[in-house]
Amino acid sequence: MSLPRALSPVVRAAKTPMGAIAGLWLVLIIAVAILAPLIAPYAYDAQNLPASFQPPSSAHLLGTDEFGRDLLTRIIYGARTSLSVSVISIAISVFAGMVLGAAAGYVGGAFDRAVTIVVDLSWSFPEILVALILVAIIGPGVTGTMAAICVAYLAQFTRLTRSQILAIRSETYIEAARSLGAGGRFILFRHLLPNALAPVLVAGMLATGDAIILEATLGFFGLGAQPPLPSWGSMMSSGSALLFKAPWIIILPGLAVAITVVAINLFGDALIGALDIKTRLREA
């Protein structure tokens with residue numbers, strides 16, 4: 001599949017009103033995260049205690065926190081932390097889930113039953129509980145958070161990929177490929193996985209929004225990125241005790257999380273409409 005053809009659903013999704021607005025915000029927040037060292041007005045760990053709890057002003061557009069650190073700078077760097085952790089974790093989880101789900105759906109038999117049992121068992125636990133257990137084992141920090149997100153969403157992508165493979169492997173063109181002597185590996189990677197890719201990638205995009213919330217939750221509990229590295233969740237945690245004294249410390253990072261997650265969900269819905277895979281996702 002050529003690059004223009006692969007990107008055509010994204011273009012169609014961006015042409016819808018909500019898709020355009022959501023896509024614009026996502027492009028903006030990604031650009032901000034990438035260019036953080038160039039556009040941030042201060043160093044994210046620069047403290048100025050005499051300037052603590054300053055409301056938004058010309059010197060600090062979004063105010064300062066309890067250590068006098070510029071809140072705009074920390075939100076910008078928090079975007080880099082939260083987005084990179086969530087996107088990389090979901091990407092790894094999608095890849096691992098596709099490999100495991102495709103193998104289970106195509107091979108079948110005892111291997112399929114074993115994978116299904118493990119997936120169903122892990123599916124029964126809330127993502128936050130799985131994440132808390134893994135972070136407790138691995139330890140707080142970016143690495144523990146990424147591992148927790150990967151494992152928490154692995155069952156979702158494994159189950160979705162398996163269901164897509166089971167639906168596709170009985171198609172006529174798959175039987176024709178077998179009758180022409182095509183091997184299992186060729187059929188899996190040439191026919192099955194490419195046709196199962198679209199709904200899994202859309203599900204991965206929607207799960208990225210959930211992963212941002214999960215990362216923020218772990219950060220709020222002090223289990224995510226450790227100080228002085230900023231993340232949206234840890235910023236909200238530090239501002240929770242200062243809600244009435246300096247409400248901007250918790251409200252502004254919370255708005256960044258909310259707007260980003262809503263934008264991801266809106267663009268994901270627009271992409272589902274562009275790909276016309278609502279039925280396939282509903283049947284998974």
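The values are calculated or read from the model by the stated rules, or taken from the named source; none is laboratory data. Quick caveat, the model's predicted, so the values are computed rather than measured. Cβ placement follows ideal geometry from the backbone for every residue including glycine, while neighbour counts extend to all protein chains displayed. The protein model used for the area step is the full one, side chains on, heavy atoms only, and it has no ligands, DNA or RNA in it. Shrake-Rupley method; radii C 1.70, N 1.55, O 1.52, S 1.80 Å.
With the condition kept exactly as written, say whether any residue in the stretch 154-177 is at pLDDT below 90, open to solvent by 60 Å² or more (accessible area, probe 1.4 Å), more than 24 Å from ALA198 (Cα to Cα) and touching a helix residue (DSSP H, G or I) at 6+ places or on another chain (Cβ under 9 Å).
no
Of the residues LEU252, LEU188, LEU193, LEU281, which single one is part of a helix (DSSP H, G or I) and at pLDDT 80 or above?
That would be LEU252, the only listed residue that is part of a helix (DSSP H, G or I) and at pLDDT 80 or above.
Please enumerate the residues belonging to the stretch 109-128 that are open to solvent by less than 70 Å² (accessible area, probe 1.4 Å) and under 15 Å from LEU160 (Cα atoms).
ASP112, VAL115, THR116, VAL119, SER122 - these are the residues of the stretch 109-128 that are open to solvent by less than 70 Å² (accessible area, probe 1.4 Å) and under 15 Å from LEU160 (Cα atoms).
Of the residues in the stretch 30-54, how many are in contact with a Ser or Thr (Cβ under 9 Å, 6 or more places away or on another chain), without any contact (Cβ under 8 Å) to a residue 60 or more places away in the chain and open to solvent by less than 80 Å² (accessible area, probe 1.4 Å)? Steps first, please.
Taking the stretch 30-54 first, the residues in contact with a Ser or Thr (Cβ under 9 Å, 6 or more places away or on another chain) are 33, 36, 40-44, 46, 48, 51-54.
With without any contact (Cβ under 8 Å) to a residue 60 or more places away in the chain added as a condition, the list becomes 33, 36, 40-43, 46, 48, 51-52, 54.
Remaining after also requiring open to solvent by less than 80 Å² (accessible area, probe 1.4 Å): 33, 36, 40-41, 43, 46, 48, 51-52, 54.
Selection size over the stretch 30-54: 10.
Tell me whether the stretch 129-137 contains one or more residues that are open to solvent by less than 10 Å² (accessible area, probe 1.4 Å), assigned to a helix (DSSP H, G or I) and touching a residue at least 40 places away in the same chain (Cβ under 8 Å).
yes
Against the condition open to solvent by less than 70 Å² (accessible area, probe 1.4 Å), under 29 Å from ALA33 (Cα atoms) and either of a type outside the set (Ser, Thr, Tyr) or without any contact (Cβ under 8 Å) to a residue 24 or more places away in the chain (or both), how does ASP65 come out, does it pass?
yes
Can you pull out the residues in the stretch 77-108 that are more than 19 Å from ILE264 (Cα to Cα), open to solvent by less than 20 Å² (accessible area, probe 1.4 Å) and touching a residue at least 12 places away in the same chain (Cβ under 8 Å)?
GLY97, GLY101, ALA102, ALA104, GLY105
Within the group ASP112, ASP65, which residue is of a type in the set (Asp, Glu) and either in contact with an Asp or Glu (Cβ under 9 Å, 6 or more places away or on another chain) or within 16 Å of SER234 (Cβ to Cβ) (or both)?
Of ASP112, ASP65, the one residue that is of a type in the set (Asp, Glu) and either in contact with an Asp or Glu (Cβ under 9 Å, 6 or more places away or on another chain) or within 16 Å of SER234 (Cβ to Cβ) (or both) is ASP65.
Of the residues that make up the stretch 138-147, is at least one in a helix (DSSP H, G or I) and either under 18 Å from LEU197 (Cα atoms) or in contact with a Ser or Thr (Cβ under 6 Å, 6 or more places away or on another chain) (or both)?
There is at least one residue in the stretch 138-147 that is in a helix (DSSP H, G or I) and either under 18 Å from LEU197 (Cα atoms) or in contact with a Ser or Thr (Cβ under 6 Å, 6 or more places away or on another chain) (or both).
Would you be able to say whether some residue in the stretch 234-242 is at pLDDT 90 or above, among the aliphatic types (A, V, I, L, M), out of contact with any Asp or Glu (no Cβ under 6 Å at 6 or more places or on another chain) and open to solvent by less than 60 Å² (accessible area, probe 1.4 Å)?
yes
Could you list, ordered by first residue, the pairs with Cβ atoms under 6 Å in which the first is in the stretch 199-213 and farther than 17 Å from GLY23 by Cβ and the second is open to solvent by 10 Å² or more (accessible area, probe 1.4 Å) and charged (D, E, K, R), at least 6 apart or interchain?
PRO199/ARG280
Suppose the filter is assigned to a helix (DSSP H, G or I), crowded, with 19+ Cβ neighbours inside 10 Å and touching a residue at least 12 places away in the same chain (Cβ under 8 Å); does GLY224 pass it?
Numbers: assigned to a helix (DSSP H, G or I): no; crowded, with 19+ Cβ neighbours inside 10 Å: yes; touching a residue at least 12 places away in the same chain (Cβ under 8 Å): yes.
Taking the combined requirement at face value, the residue does not satisfy it.
Tell me which residues, restricted to the stretch 4-29, are touching a Leu at 6+ places or on another chain (Cβ under 9 Å) and open to solvent by 80 Å² or more (accessible area, probe 1.4 Å).
ARG12, MET18, ILE21
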